Amino acid sequence: MTIEDGLQFSLLKEPLVRYRRASDGETVGASLPQLFVALGEDEVRDYPALRPHQRHPWHAFLVQLAAIALHKAGHATAFATVDAWREALLALTPDDPDGAAWCLVSPPERPALLQAAVVGGNVADWKSQSFAADEIDMLVTSKNHDLKGSRARRSQPEDWLYALLSLQTQEGFLGAGNYGASRMNGGFASRPGVGVAAVGLPGARWVRDVAALLAARARTVEALGLQEVDGLALVWLAPWDGLGSLSFHKLDPFYIEICRRIRLQEVDGAIKSHGTGSKAARIAAKELNGMTGDAWTPIDVEGGKALTITAGGFTYKLVAELLFGGKYQPPAAYQLSKSAKEPALVFIAQGVTRGQGKTEGYHERRVPISAKARGLMVSNQKDQLERLAKQRIAAISEVNDLLEHALILLFASGKSDDKSKGNKAKASKFADPFERAEDARFFDDLNEELDAADPAAQHLQWLLALVARAEAVLKIAFDAGPRNGVQKYRAQSAALSRFHGGLRKAKSPLPALANHYREISLQRQENSLDHA
């Protein structure tokens, strides 16, 4: 820690960020310039202190910051040395050549990292104080059940960095004076992190995404009316009195925002925070519905709004739509190259579900993109993948419906379709886990069909296996059904009959499967006649 004119915990000079080195697994500390060099050399394995919900804000920050510095310096690729990165970052804050804007702690009248200068320089009347880094983080949990608050009483500078970044770039609306970030569809929405990465370490993804941002810069400027030159990129550089908002159109397309008035201070060797409310959002972007040019946010084209993650998270239905469908405009970080040299890729989706005054879980999903799927996507044949995915989604839905109806009949003792609340609740206890299990294996199964020598035969085998898994769930539920002798056998027989009858009926929702069953039945009849 250095103390120069009240400047402490400098990210430009001090090794405040810990990462595990890929080559030997050793944990080392790094300044931002040192970390950028390590990422460029793909030497970063992970960050020990980074919490799951902070992964995307941290990655986005590192990518945006590098892209801003490279564009300002007129470079298309990452610098190779620590000194070059330090010089490029310092050049972004010409009014603070001593690096105050890169320190976690600086005098209140000056900017600090992710903290705007306080007009008047006085935070004594800022009533919100925190002594643990996780207290300022964006997570709001019900009665502390999901994730305990105020645990990080011995917070290190990097803990404050991650929590501050999480707050300033992905927080939502939390009552009067507490406005949310601009890069989401409203105060109760969420900032998603959707993109494609090379299979491997964080450095490869960082390099890829920096290049993606630089390539998309001109398009973003033109589409949204942002500033190509001299736009505000580091929003914390502008002093903030809490009364007015910044014009969105005065920003750089790669802008890194802040949404709350907060300042860190050093007290007896430890960090504490002071916070207060504001009369307006920091950035005037409410009417944009989250369509800010964020490199990791898909846009609902027809709805004219950014993707919002619901409590269900990144389900197989949503991910299939994001990967193959036409509803969402892919963000810059989800662009596939036609180059045969591009390595194996994985689709990544991350984000926290927000509610009114609460959060409803962190969601993350990674889906490998097979060579066949990538080939179809880059050759403008996504419709084939979309059609196949929709067929499978519809099949799962139909089998799940048949399973649920059979379960309801089971719990009604096989007498009638008694869809009372109790029977439906019992049925859901078995049917819902079935669909979740299919969700988990959906893309692995899909890739098997794509890579199969005979896709039609593979699809039929998948349908048969799907039915077998549903029937197994139904039979497991027998133990929860009627126990009386007569009722037990009647209920089980009726449930199985309903399930298989629905698959085999003339107007089966799964005609390929129904035809297969009919062919098997005809073969058996022919074999019987031959033996007779």
Residues located in the stretch 131-145, provided they are aliphatic (A, V, I, L, M) and either in contact with an Asp or Glu (Cβ under 8 Å, 6 or more places away or on another chain) or at pLDDT below 90 (or both): Ala133, Met138, Leu139, Val140
Qualifying residues in the stretch 362-418 (those that are among the basic types (Lys, Arg) and assigned to a helix (DSSP H, G or I)) - the one surrounded by the most Cβ atoms within 10 Å (Cβ to Cβ): Arg392
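Conditions (1) assigned by TED's automatic domain parsing to the domain that holds Thr297; (2) surrounded by 19 or more Cβ atoms within 10 Å (Cβ to Cβ); (3) at pLDDT 90 or above, marked per residue:
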site: Gln129; (1), (2), (3): yes, no, yes
site: Leu147; (1), (2), (3): yes, no, no
site: Pro157; (1), (2), (3): yes, yes, yes
site: Leu165; (1), (2), (3): yes, yes, yes
Residues located in the stretch 357-381, provided they are farther than 30 Å from Ala176 by Cα, under 22 Å from the mean Cα position of the chain (by Cα) and among the basic types (Lys, Arg): Arg365, Arg366, Arg374
Leading residue by the ranking (modelled with the lowest pLDDT) among those in the stretch 170-186 that are in a loop (DSSP other than H, G, I, E, B) and closer than 12 Å to Thr359 by Cα: Leu174
Options Glu321, Glu302; residue that is more than 23 Å from Ala60 (Cβ to Cβ) and either without any contact (Cβ under 8 Å) to a residue 24 or more places away in the chain or acidic (Asp, Glu) (or both): Glu302
Verdict on Gln335 being in a strand (DSSP E or B) and either touching a residue at least 24 places away in the same chain (Cβ under 8 Å) or under 14 Å from the mean Cα position of the chain (by Cα) (or both): no
Elements of type helices (runs of 4 or more DSSP H) contained in the stretch 435-532, each with 3 or more residues being modelled with pLDDT under 85: 511-531
Qualifying residue in the stretch 217-224 (condition: exposed (fewer than 13 other Cβ atoms within 10 Å of the Cβ) and over 27 Å from the mean Cα position of the chain (by Cα)): no
Condition check for Glu109: at pLDDT 95 or above, surrounded by fewer than 20 Cβ atoms within 10 Å (Cβ to Cβ) and either under 27 Å from Ile271 (Cα atoms) or touching a Gly at 6+ places or on another chain (Cβ under 8 Å) (or both): yes
Listing of helices (runs of 4 or more DSSP H) fully contained in the stretch 11-122 that carry 2 or more residues being hydrophobic (A, V, I, L, M, F, W, C), under 30 Å from Ile309 (Cβ atoms) and over 26 Å from the mean Cα position of the chain (by Cα): none
Residue among Asp432, Asp439, Asp451, Asp479 that is over 29 Å from Glu519 (Cα atoms), out of contact with any Asp or Glu (no Cβ under 7 Å at 6 or more places or on another chain) and touching a residue at least 40 places away in the same chain (Cβ under 8 Å): Asp439
Tally of residues being in a loop (DSSP other than H, G, I, E, B) and among the aliphatic types (A, V, I, L, M) across the stretch 187-208: 3
Number of the condition not met by Arg374 [criteria: (1) of a type outside the set (A, V, I, L, M); (2) modelled with pLDDT under 95; (3) assigned by TED's automatic domain parsing to the domain that holds Thr169]: (3)
Flag if Leu410 is modelled with pLDDT of 95 or more and under 19 Å from Phe478 (Cβ atoms): no
Unmet criterion (only one of (1) surrounded by fewer than 19 Cβ atoms within 10 Å (Cβ to Cβ); (2) on the phi < 0 side of the Ramachandran plot) for Asn289: (2)
Residue match in the stretch 501-518 (condition: surrounded by 10 or more Cβ atoms within 10 Å (Cβ to Cβ), of a type outside the set (A, V, I, L, M, F, W, C), in contact (Cβ under 8 Å) with a residue 40 or more places away in the chain and in contact with a Phe, Trp or Tyr (Cβ under 8 Å, 6 or more places away or on another chain)): no
Some residue of the stretch 209-224 being outside any helix (DSSP H, G or I) and either at pLDDT 95 or above or outside the structural domain of Gly175 (by TED's automatic domain parsing) (or both): no
Selection count where residues are surrounded by 15 or more Cβ atoms within 10 Å (Cβ to Cβ) and of a type in the set (Ser, Thr, Tyr), scope the stretch 473-500: 0
Residues located in the stretch 402-440, provided they are within 21 Å of Leu318 (Cα to Cα), in contact with a helix residue (DSSP H, G or I) (Cβ under 6 Å, 6 or more places away or on another chain) and of a type in the set (Gly, Ala, Ser): Ala431
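The values are calculated or read from the model by the stated rules, or taken from the named source; none is laboratory data. These numbers come from a predicted model, not from an experiment. When we count neighbours, we look across all protein chains shown, and the Cβ atoms used for this are built from the backbone with ideal geometry, even at glycine.
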